[in-house]
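Worksheet: the structure to be examined is printed underneath.
No value in this document is a laboratory result; all are computed from the given coordinates. As the structure is a prediction and not an experimental result, all values here were calculated from the model. Methodologically, a virtual Cβ is constructed for each residue, glycine included, from the backbone with ideal geometry; neighbour enumeration extends over all protein chains shown.
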Amino acid sequence: MSVALVTGASRGIGRAIALAMAQAGHHVIINYAGNEAAADETLAAVQAAGGSGQTLRFDVGDDAAVSGAMKSILSEHGQIDVLVNNAGISIDGLLMRFKADDWDKVLATNLRGAFLTTKAVARPMLKARSGRIINIGSVVAAAGSAGQPAYCAAKAGLEGLTRSSAKELASRGITVNCVAPGFVDTDMTQALPEARKEAILAEVPMGRMAFASEIAATVVFLASAGGGYITGQVLGVNGGLHM
């Protein structure tokens, strides 16, 4: 059975990806940073749907923790076939007031984390001469977003990492792509004031937010046989918000 590691899979888009990947036949390793109860809920959903999975706690921004996690996965399963870099945080604030410490926190998870996990899975994937790495970016990497300097910079950096990694790894049968969602219907967006949600939807030609399952379906496709000749791409799933 294919082994897929999904980072930040305890809730939201990550949970939807974990569930969809399990339903597609992958054994899913559900990474989380701290919310064990939420990770257990994701695992329960995977198992209730007839899928196979397990939880694994580690901080994607910590080099030693990532190395230890990869050794654990390889020791137990002997392979890592798919990596989905979904873990991310957002700290908002206007540029002139933005704290350097907050900048570092956002980039540590959103960009450094993806670098560390990609680096860690590259070696076993190179030996296997196959693998899929799928990064979860954002429409704001291309469109920008006022009040999110660190988040936008991290997601733009993720697109660069995607292309560089894709060029390095393609000759060994490893694809690297980025899925860039627009506004997605999750707990985070549901908590927004109604006026803000209406303003967002006014900008989206399709007139609605994405379902997390639609982002997950895109990931499943890129990890499938049908996605085998796609690499180095940024696939926007944004309802026409940015074209």
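For this structure, a couple of remarks:
- Per-selection Kirkwood Rh - the stretch 185-231 (Cα, Å, 1 d.p.): 12.6
- By the Cα gyration tensor, the stretch 3-236 has an equivalent ellipsoid whose semi-axes, rounded to whole angstrom, run 27, 20, 18 from largest to smallest.
- An ellipsoid equivalent to the stretch 110-243, defined through the eigenvalues of its Cα gyration tensor, has semi-axes of 30, 16, 12 Å when rounded to whole angstrom and sorted largest first.
- For the chain, the longest site-free run once trypsin sites (Lys or Arg not before Pro) in DSSP loop states with at most 16 other Cβ atoms within 10 Å are removed: 1-98
- Förster radius 35 Å - calculated FRET efficiency between Ile200 and Lys99 (Cβ-Cβ, nearest 0.05): 0.85
- Sparsely packed loop sites in the stretch 155-231 (the chymotrypsin sites (Phe, Trp or Tyr not before Pro) outside DSSP H, G, I, E and B with at most 13 other Cβ atoms within 10 Å) comprise Tyr229.
- Angle between the chain longest axis and helix 212-223 axis [Cα atoms, degrees, rounded to 10]: 40
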